[in-house]
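Participant: Below you'll find the structure I mean.
The values are calculated or read from the model by the stated rules, or taken from the named source; none is laboratory data. Just so we're clear, the structure is a prediction, and the values are computed from it rather than from any experiment. Note that we place each Cβ from the backbone using ideal geometry, even for glycine, and neighbour counts take in every protein chain shown.
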Number of protein chains: 2
Amino acid sequence: MNVIRPFTSTVERLRSAGLRPTRQRLALAKALFENGDRHVTAEILHGETQAKGIRVSLATIYNTLHQFTEAGLLREIVVDAQRCYFDTNTSEHHHYYHEKSGMLEDMDIASDMLAAIPTPKGKKIKQVDIIVRTED
Amino acid sequence: MNVIRPFTSTVERLRSAGLRPTRQRLALAKALFENGDRHVTAEILHGETQAKGIRVSLATIYNTLHQFTEAGLLREIVVDAQRCYFDTNTSEHHHYYHEKSGMLEDMDIASDMLAAIPTPKGKKIKQVDIIVRTED
DNA sequence: GTGTTTGCAAAGTGTTTGCAATTTA
DNA sequence: TAAATTGCAAACACTTTGCAAACAC
């Protein structure tokens, strides 16, 4: 017999990443993945959950963001020594960073452009990050 | 009449950047610019000056690195949320970052590759940073 | 029940700042 | 001498950690 189970796909997403679908992780996953591509910091997520009346501590948000990143659900983007972004779009793409506003924006660029990048001897390329900083 | 003046070119470099050639700035400029291209953090520079018996406080090193950057003598490179590098090579070029070792290495890449990067509407590109992260 | 996860507060890291003392020109 | 610069220690912002209580299965 069936029971109505909300967020089944989010639950499954967490389970297949090997993460127990706790209340906190579900709330964060919902905020992250149910509204299209997002660029968030821990602070932003914390503010959002608080605004919705969901109690998730900042420490848990940090931990969860890293767990999601390790699980391949998020990609971390380093733009600035004191602002750590996580991108829900984990496919290969690059960014504009508008420093004044602190806004991060996806960039459209032909991925074959990266063919020009030489591989360093004896090393394997793990990730290529292109950040175009704009004046604002 | 002439007096023997050591480090004249470093002195001039500072003066033309509008910075008084103090003992501390001279020591840092020497360490930075008299040994070819370098990638340094504040900690590295601090360690070096201490090893040489030159007394420069960490606060002054941070301040000086930023003054040099504003003056165009250095370029700041953000690779990692807790490691801020300064590059003595201010010309357009990009980097490999070997995460495990924390080593930053210059990359040779055709600069016309960057022609493919679209300018965002209504904004001006200030700087393009390409960081190729390697496994190690 | 058992192992996992959470929240809190404390600790940590790298950086910046306020201000008196020092140095430069 | 006047203005700029320095060093210290304290403040800072952001992030991580230790551990007891709460939770998932």
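Participant: Among the numbered criteria (1) within 16 Å of DNA strand C (Cβ to nearest atom); (2) more than 14 Å from every other protein chain (Cβ to nearest Cβ); (3) touching a strand residue (DSSP E or B) at 6+ places or on another chain (Cβ under 6 Å), which single criterion is violated by A:Asp87?
Facilitator: (1)
Participant: Hey, among the residues in region B:68-82 that are out of contact with any strand residue (DSSP E or B) (no Cβ under 7 Å at 6 or more places or on another chain) and surrounded by 18 or more Cβ atoms within 10 Å (Cβ to Cβ), which one's farthest from the other protein chains (Cβ to nearest Cβ)?
Facilitator: Of everything passing the filter in region B:68-82, B:Leu73 is farthest from the other protein chains (Cβ to nearest Cβ).
Participant: In addition: Please give the number of the condition A:Glu43 fails out of (1) at pLDDT 95 or above; (2) within 12 Å of DNA strand C (Cβ to nearest atom).
Facilitator: The number of the failed condition is (2).
Participant: What tally of residues in region B:93-125 results from selecting those that are touching an Asp or Glu at 6+ places or on another chain (Cβ under 7 Å), closer than 27 Å to B:Gln67 by Cα and free of Cβ contacts under 8 Å to residues at least 12 places away in the same chain?
Facilitator: Within region B:93-125, residues that are touching an Asp or Glu at 6+ places or on another chain (Cβ under 7 Å), closer than 27 Å to B:Gln67 by Cα and free of Cβ contacts under 8 Å to residues at least 12 places away in the same chain number 2.
Participant: Can you report the number of residues in region A:96-118 which are outside any strand (DSSP E or B) and either loosely packed, with under 11 Cβ neighbours inside 10 Å or among the hydrophobic types (A, V, I, L, M, F, W, C) (or both)? Give the derivation first.
Facilitator: So the first thing to find is which residues in region A:96-118 are outside any strand (DSSP E or B), and the list is A:99-102, A:108-118.
Those still in the list that are either loosely packed, with under 11 Cβ neighbours inside 10 Å or among the hydrophobic types (A, V, I, L, M, F, W, C) (or both) too: A:100-101, A:108-110, A:112-117.
Total meeting the criteria: 11.
Participant: Follow-up question, since we're still on this one. Determine the pairs where a residue that is within 18 Å of A:Leu45 (Cα to Cα), located within region A:76-92, has a partner that is within 12 Å of DNA strand C (Cβ to nearest atom) and assigned to a loop (DSSP other than H, G, I, E, B) with Cβ atoms under 7 Å apart, the partner being 6 or more residues away or on another chain.
Facilitator: Cβ pairs passing all conditions: A:Val78/B:Ala81; A:Cys84/B:Ala81.
Participant: Keeping to region A:90-131, report how many residues are within 7 Å of chain B (Cβ to nearest Cβ) and within 21 Å of B:His98 (Cα to Cα).
Facilitator: The qualifying residues number 13.
Participant: On to the next question. So is B:Glu92 out of contact with any strand residue (DSSP E or B) (no Cβ under 6 Å at 6 or more places or on another chain) and surrounded by fewer than 19 Cβ atoms within 10 Å (Cβ to Cβ) or not?
Facilitator: Judged against the criteria, B:Glu92 is a match.
Residues are listed down the side, and each one gets a yes or a no for (1) aromatic (Phe, Trp, Tyr); (2) assigned to a helix (DSSP H, G or I); (3) over 24 Å from B:Ile130 (Cα atoms):
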{"site": "B:Gly36", "(1), (2), (3)": "no, no, no"}
{"site": "B:Ile44", "(1), (2), (3)": "no, yes, no"}
{"site": "B:Gln50", "(1), (2), (3)": "no, yes, yes"}
{"site": "B:Asn63", "(1), (2), (3)": "no, yes, yes"}
{"site": "B:Leu73", "(1), (2), (3)": "no, no, no"}
{"site": "B:Cys84", "(1), (2), (3)": "no, no, no"}
